[in-house]
Amino acid sequence: MLQRLTCGALFAVAALLAGCAPTWQHVQKQETVKGPTRAYIAVIPEGWKRAPTDSDVLLITRDGLFLQQISITRRSVDEAFAGRKVNASIPTQDLALWQYQRMRDDEPDLARTDRDELKGVMGLFPVGHAKPLAGTTERVSIKPFAQDGVPAFRMDTRSQNGWGLEYLSQSVGFVHQGDFWVVRYLAPRLHYASRDQATFEAFLANLKLKEKCRLFCSD
């Protein structure tokens, strides 16, 4: 479920985050993290910020969610796509097309506005206009991929926000340990997408998939 983080900041995390802490975590040095189920090991780049969560969802940014972000999300294979049966044998091309349609139909909001943000100068630049609009999403390419040896797809899309700013997105999707996972990079085409591309490539290269911990999870 989505929970608001009331920290007085412009952006509030609201994308599939369960549980929260009062502030974002600033990563001073490169840091290795694990989700609660230990299904993956990820490396957060130095100088980036991590959204507070106690779930397997990971959301990080360096300059702000709408300037660049890398995320890891998961859904149970039974709930990944309505009316679709998902398992490890499903062709990754099919998974990519289903994910693309989901992005076009109902991509979750990445920020919520607060009443105070509708006053004064902030009212002239509402946060809702900054996020990419799901209905504008266009598929650019789908290619086979492998994430740490697991068959996956790599899908490039582009979209626009309410101000007409073009966003580029790269999504890597796969079935792992009974869940459908998506690792995604999102940034405006203008300046940020190319600038942080190498960081995303390193993030993928360092992302390791592990057997999910069922009981008594610990480091």
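The values are calculated or read from the model by the stated rules, or taken from the named source; none is laboratory data. Computed from a predicted structure; not experimentally measured. So basically every Cβ, Gly included, is an ideal-geometry build from the backbone, and we count neighbours across all protein chains shown. For the accessible areas, the whole protein counts, side chains as well, though only heavy atoms, and no ligand, DNA or RNA atoms are used. Shrake-Rupley method; radii C 1.70, N 1.55, O 1.52, S 1.80 Å.
Odds and ends about this structure:
- The residue pairs whose first member lies in the stretch 162-189 and is in a loop (DSSP other than H, G, I, E, B), whose second member is β-branched (Val, Ile, Thr), and whose beta carbons are closer than 8 Å, counting only pairs six or more residues apart or on different chains, are Gln177/Thr37; Gly178/Val77.
So that you can scan it fast, the table gives a plain yes or no per residue for (1) modelled with pLDDT under 95; (2) among the charged types (D, E, K, R); (3) open to solvent by 70 Å² or more (accessible area, probe 1.4 Å):
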site: Glu166; (1), (2), (3): no, yes, no
site: Gln170; (1), (2), (3): no, no, no
site: Arg189; (1), (2), (3): no, yes, yes
site: Ala193; (1), (2), (3): no, no, no
site: Gln197; (1), (2), (3): no, no, no
site: Lys208; (1), (2), (3): no, yes, yes
site: Cys217; (1), (2), (3): yes, no, no
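- Scanning the stretch 66-85 for residues that are in contact with a Lys or Arg (Cβ under 9 Å, 6 or more places away or on another chain) and farther than 17 Å from Asp106 by Cβ gives Phe66, Gln68, Gln69, Ile70, Ile72, Val77, Asp78.
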